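Novice: Structure provided below as structure tokens; questions to follow.
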Amino acid sequence: NQIIFQAFELKEKLQEKLKQSREETEQSKKEIEQLHGKISEGVLLLEGEEEILKGTEMKYFELFPERNYKQGSAAEVHFRLAESQFYRLLSGHATAHVNKVEYVCNPILINKFNKAREELKNKRSDEYSYPVLAFHGTAIANIQPICENGFKVPGQAGFKHATDDGYWGRGTYFSEYPNYSMGYIKGATKLLLCQILQGKVFQCTQLIHGADLKDGYDSHCSPDKKELIIFRSDYILPQYIVHYKINAGEFRYTASRVTKEAIKKKLAKIGKLYKKAIAIKDKKIFTYYKFAFIGQMVDTPLAMEALVKRFGGQVCKNTVPFGGAPMTMGLFVNGF
């Protein structure tokens, strides 16, 4: 009985965490869209920005995580937009934090981008012309030239891939997930956050190493949609330089110090619970649920499978990852 109750308890906790995570992600997404909308429409301008936009000289506006920003001010909105985009889809580096944002105001690149956006709108439709924010990782030495002169794409003089010609096409790679871009910067702590025009996206289903843009499309994306490949420089507007830091107290895995004696006692307790479970009458309480067994078990795999099936459950032959389908549970016998 206890094994069954604990399995249900685990299921409820996982479902609650999943629900909470989805709600937080959705809330962050809405907030980012609102902030992005204000900036894209030119509703909010930093002090001196209006004069810069009328000329040809560019400027970097330095923004910090300060409490004394006036609520709803341009400075606060710009910083929050970059910071929120960084945290929203951050994984793996959960202890990273944004300590500075540089807002890049380059009137020449802004005009080129807006013109390209209008052309895309006329070519496709309004829905295809909305920009998205995505990260790009590059060497620190490349950041200033990119902000001043824009990105170079295949076919332009000086274009060079950092690694190869690209699994999903020979273009410039971006991701809404900062972790993907962090992989390209080799220990540096600055990422470019850009507005990009995707237009009509070709979703790759297999490697198309070094391929040109597919006919009839404006960009490519990887099979999991986490990498975006852009083929035109005027479809990219470098807007922020996000400075971040990995906290000194970053998590490191250390082996458990549980003694052999403690493990032996725990296994003995599990064995008693297992015997009780075997004696329980058959009930279809695990219908629609799948189980995977890993680690040390108190009985043979066949016997464990038989127990799950008696209660209406299904057994996966492969281990179920934590990121699997919501209705899939892993039954870790040596964890009870």
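The values are calculated or read from the model by the stated rules, or taken from the named source; none is laboratory data. Because the structure is a prediction, the values reported are computed rather than measured. Note that each Cβ is placed from the backbone with ideal geometry, even for glycine, and that neighbours are counted across all protein chains shown.
Novice: Going through Leu44, Leu81, Leu53 one at a time, which residue ends up being assigned to a loop (DSSP other than H, G, I, E, B) and either modelled with pLDDT of 95 or more or among the aliphatic types (A, V, I, L, M) (or both)? Reasoning before the result, please.
Specialist: Working: Leu81 fails: assigned to a loop (DSSP other than H, G, I, E, B); Leu53 fails: assigned to a loop (DSSP other than H, G, I, E, B).
Going through Leu44, Leu81, Leu53 in turn, just one is assigned to a loop (DSSP other than H, G, I, E, B) and either modelled with pLDDT of 95 or more or among the aliphatic types (A, V, I, L, M) (or both): Leu44.
Novice: Across segment 185-214, what is the total count of residues that are more than 30 Å from Lys100 (Cα to Cα), in a loop (DSSP other than H, G, I, E, B) and not polar (S, T, N, Q)?
Specialist: The first filter runs over segment 185-214 and keeps only residues more than 30 Å from Lys100 (Cα to Cα), leaving 199-214.
So of that shortlist, the ones also in a loop (DSSP other than H, G, I, E, B) come out as 199-200, 204-214.
Subsequent filtering for residues that are not polar (S, T, N, Q) retains 199-200, 204, 207-214.
The total comes to 11.
Novice: Going by what's in this entry, would Phe322 be described as under 30 Å from His97 (Cβ atoms), outside any strand (DSSP E or B) and either at pLDDT 65 or above or in contact with a Leu (Cβ under 9 Å, 6 or more places away or on another chain) (or both)? Explain how you work it out, then say what you get.
Specialist: Working: under 30 Å from His97 (Cβ atoms): yes; outside any strand (DSSP E or B): yes; either at pLDDT 65 or above or in contact with a Leu (Cβ under 9 Å, 6 or more places away or on another chain) (or both): yes.
So Phe322 passes the test.
Novice: Conditions: (1) buried (at least 20 other Cβ atoms within 10 Å of the Cβ); (2) in contact with a Lys or Arg (Cβ under 6 Å, 6 or more places away or on another chain). Cys147 meets all but one. Number of the miss?
Specialist: Failing condition for Cys147: (2).
Novice: Taking interchain pairs and intrachain pairs at least six residues apart, which have beta carbon atoms under 7 angstrom, with the first residue in segment 41-62 and under 19 Å from Glu83 (Cβ atoms) and the second at pLDDT below 95 and among the small types (Gly, Ala, Ser)?
Specialist: Leu44/Ala74; Leu46/Ala74; Leu46/Ala75
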